[in-house]
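Note sheet for the following structure.
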Amino acid sequence: MGSNSAMEQTIDKIIKKSEKQVVSDLNDAGLNFKQNLDDSITKLESEYDKILSDGKKEADKIEKQIVGGSDIEARNKQLLALEAAVDRVFTTALEQITNTDRNSDYSNLINSLLQESTKILGTTEVKVYTNAKDKNVVQSSLSSFSGSKLSSEIIDCIGGVKIESKDGAMKFDNTIDAKIERLKPLIRKEIASKFGVKE
Amino acid sequence: MTTKGGVQYSKIAEIKGPLVVVDDVENAAFDELVEIETTEGERRLGKVLEVGNGKAIVQVFEGTTGLSISGTSAKFVGKVMEMPVSKEVLGRVFDGLGRPKDGLPDPIADKFIDINGEPMNPEQREYPKDFIQTGVSVIDGLITLVRGQKLPIFSGSGMSHNLLAAQIARQASVVGTNDDFAVVFAAIGVQYSEAEYFRRSLEESGALKRSVLFLNTADDPAIERIITPRVALTVAEYLAFELGMHVLVILTDMTNYAEALREISAAREEVPGRKGYPGYLYTDLSTIYERAGKLNGRKGSVTQIPILSMPSDDITHPIPDLTGYITEGQIVVGRDLFRQGVYPPINILMSLSRLMKDGIGEGSTREDHAEVANQVYDAYSRAQEVRALAGIVGKAGLTEIDLKYMDVGEVFEKEFLTQATDENRTIEETLAILWKIVSKLPKNEITKIKDKYVDQYYQGK
């Protein structure tokens with residue numbers, strides 16, 4: 001019996017000691033755990049902020065891509081539509097010019113075109129080319145330009161004249177087509193403004 | 001300019017390289033635009049380089065291949081080369097001569113502007129001092145770009161300067177203001193794949209909306225390259241000074257431009273200067289670079305980043321050498337870093353932004369920016385010395401502080417310098433990394449930063 005109670009006492013001691021150790025370990029672990037938790041909260045918060053800011057950046061990037069792409073697409077469609085409209089205006093205007101009566105006003109126009117062209121080449125001794133429709137008007141105007149000659153060769157144009165120096169070294173295209181071509185960018189701007197396109 | 005524009009001359013005396021000599025010409029003017037017409041009716045553009053004794057020397061932009069003396073005629077248009085401009089050019093893609101390359105019609109012009117530009121009155125120039133954020137840490141943090149500055153990138157063949165150029169074009173912005181920002185991108189003599197990359201890169205990022213692209217590819221005639229930077233700058237000046245936008249112009253590759261200039265000079269039989277480049281290379285380059293700036297009383301600005309690849313990585317080559325005299329600093333792309341796989345491989349020790357000091361600090365970036373940048377610059381320079389020493393004595397022979405500097409060098413290259421091509425860092429993020437690098441050093445090694453900033457931002461123990 002005596003030896004049993006001594007053993008029990010020893011076991012109790014050991015149990016108490018172990019219990020103390022376990023409690024102390026648990027306390028330490030608890031403290032460690034708390035410390036780790038506290039540390040990780042800051043880390044977590046900064047990770048959280050980073051994820052949010054990365055996400056926001058990515059969202060901004062995607063928004064920029066979508067908005068930018070669709071803006072460009074819409075603008076391009078508008079440009080093509082506008083160009084088609086401008087072309088239609090041009091075609092109609094050219095048709096009207098082609099069908100203009102060759103009256104006295106037109107004769108004055110041919111005269112001024114001839115004057116302008118000979119002045120630019122610096123001589124009236126020139127060969128003049130025109131289309132079939134304007135041949136008579138040009139022929140009658142040429143009398144006031146000494147040394148000028150109407151070529152039998154017919155050119156394809158809406159109206160106006162093309163002149164060439166006698167030796168063929170200098171040429172000046174003063175047809176209505178060439179004039180329109182020279183002024184086309186300005187005319188396009190004017191037409192576009194009629195469609196409500198602002199500068 | 002001549003009043004007799006539009007006369008077509010058919011006496012071609014000589015065709016030599018990119019030049020056509022026209023005989024019996026009267027009243028032509030220097031720089032006048034010329035339309036060359038072939039027997040097949042094909043039209044090419046050119047400009048008058050010289051006039052006198054009844055002759056005119058015309059430089060044909062699209063080259064003279066296929067032209068013959070008989071049957072070719074030259075029409076002197078009566079005006080200099082002009083670029084049609086309007087706000088509508090934003091989002092458009094043009095070729096090297098300013099003609100649409102995106103399948104869309106010519107822009108409806110608000111104005112037609114002489115591509116040679118008008119010199120800026122020096123008296124009217126305003127000192128550049130506002131920060132441009134590129135989103136690339138090494139540029140924003142250590143070689144800061146300011147509005148109105150001209151800051152070239154010196155690179156070498158095969159290196160990643162074009163990736164960097166595209167990244168800057170996509171990401172660049174002005175911070176702290178609602179002013180409009182635009183990018184004018186001129187690719188000069190680049191490969192087709194590179195041109196496509198630039199176009200796609202801007203298109204897919206949505207940045208094309210605020211950009212204008214001029215693409216002159218390597219298979220386009222070399223002479224066109226003379227015009228490309230000029231049309232790009234004409235558009236930039238219009239956007240900046242007429243529409244009040246802040247415009248960043250990226251010109252890549254200026255070496256191709258200088259080579260086109262050399263080709264013309266050789267064809268004109270001019271006395272060659274260094275490496276065969278004309279003696280007026282400096283003057284010619286300045287007519288491009290000096291088109292950057294800000295003007296008093298005008299809202300906008302033109303900032304330039306010309307990119308040039310140095311033949312054989314030689315920084316003393318005439319092109320980078322003369323460029324360096326005109327521009328306000330340089331960004332040098334380093335071969336060693338490139339070989340290590342670092343992107344962007346910028347060698348900061350050889351790079352400098354002369355106007356950085358005025359574009360950073362309180363009100364622009366942050367009050368500690370200049371000091372932390374200086375400290376990192378100093379530390380990285382020391383890291384390089386330590387690396388060289390370690391190469392001789394080995395790591396074991398280094399002191400504890402030397403090892404810390406080596407660590408700084410590594411962190412600098414891996415975390416600050418290295419950046420993904422689609423990573424857009426804010427200036428705050430850039431400064432945070434700079435502080436992380438500084439924090440690798442013990443406090444007593446931090447000699448270039450005021451204590452109050454150290455107390456506020458230092459993260460070391």
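Tabulated values for the structure
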| item | result |
| --- | --- |
| Per residue, in Å², the accessible surface of chain B once ligands and nucleic acids are set aside, probe 1.4 Å | 39 Å² |
| Segment A:1-99 - Rg over Rh from alpha carbon coordinates, Kirkwood radius | 1.86 |
| Rounded tilt (10° steps) of B:192-205 against the dominant C-alpha axis of chain B | 60 degrees |
| Euclidean distance of C-alpha centroids, segment A:10-47 and segment A:125-199, integer Å | 101 Å |
| Kyte-Doolittle at least -1.0, axis length at least 24 Å by Cα - qualifying DSSP helices, chain A | A:2-98, A:104-121 |
| Over 26 Å between alpha carbons, listed pairs B:101/B:209; A:119/B:16; B:357/B:395 | A:119/B:16; B:357/B:395 |
| Chain A: calculated mean residue ellipticity at 222 nm from DSSP helix runs of at least 4, using -39500 (n - 2.57) | -26000 deg cm²/dmol |
| Cα lying deepest toward the dipole's positive end in chain B, options B:252, B:375, B:344, charges on Cβ | B:375 |
| Beta bridges by DSSP in chain B, antiparallel share as percent, to the nearest 5 | 60 percent |
| Degrees, to the nearest 10: B:254-267 long Cα axis against longest axis of chain B | 30 degrees |
| Interface size B-A, as summed buried accessible area [1.4 Å probe, Å², nearest 100] | 2600 Å² |
| Summed residue charge, Cβ within 14 Å of residue A:37's Cβ, Lys/Arg positive, Asp/Glu negative | -1 |
| In degrees, nearest ten, helix B:369-393 long axis to first principal axis of chain B (Cα) | 80 degrees |
| Around residue A:68: net Lys/Arg minus Asp/Glu count, Cβ-Cβ under 10 Å | -2 |
| Contact order normalised by residue count of segment B:83-357, Cα under 8 Å, 6+ apart, percent | 27 percent |
| Sum of -39500 (n - 2.57) over DSSP H runs of 4+, divided by residues of chain B (222 nm, nearest 500) | -9000 deg cm²/dmol |
| Debye log10 I(q)/I(0) for the protein assembly as shown, one point scatterer per Cα, at q = 0.05, 0.07, 0.09 Å⁻¹ | -0.35, -0.60, -0.86 |
| Compactness relative to 2.2 N^0.38 Å, alpha carbon Rg of chain B | 1.09 |
| Built amide H within the under 5 Å cut-off of residue B:129, gap 5+ | B:147 |
| 15 Å beta-carbon shell around residue B:159, net charge (K/R +1, D/E -1) | -3 |
| Carbon + sulfur, % of accessible area of chain B - ligands and nucleic acids excluded, 1.4 Å | 48 percent |
| Overall form of segment B:369-457 per C-alpha gyration tensor (a/c, 1.5; a/b vs b/c) | oblate |
| Virtual spin-label span in nm between residue A:166 and residue A:13, 7 Å along Cα→Cβ | 14.4 nm |
| Considering only the protein assembly as shown, percent of DSSP beta bridges that pair antiparallel, nearest 5 | 65 percent |
| Segment B:318-438 - convex hull of the alpha-carbon atoms, volume per residue in Å³ | 129 Å³ |
| Carbon/sulfur fraction of accessible area - chain A, other protein chains in place, 1.4 Å, % | 56 percent |
| Chain B: relative contact order in percent, alpha carbon pairs under 8 Å with at least 6 residues between | 16 percent |
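The values are calculated or read from the model by the stated rules, or taken from the named source; none is laboratory data. From a predicted model like this one, the values you see are computed outputs, not experimental measurements. We place every Cβ from the backbone using ideal geometry, glycine too, and count neighbours over all the protein chains shown. What goes into the accessible areas is simple: the full protein's heavy atoms, side chains included, and nothing from ligands, DNA or RNA. Shrake-Rupley method; radii C 1.70, N 1.55, O 1.52, S 1.80 Å.
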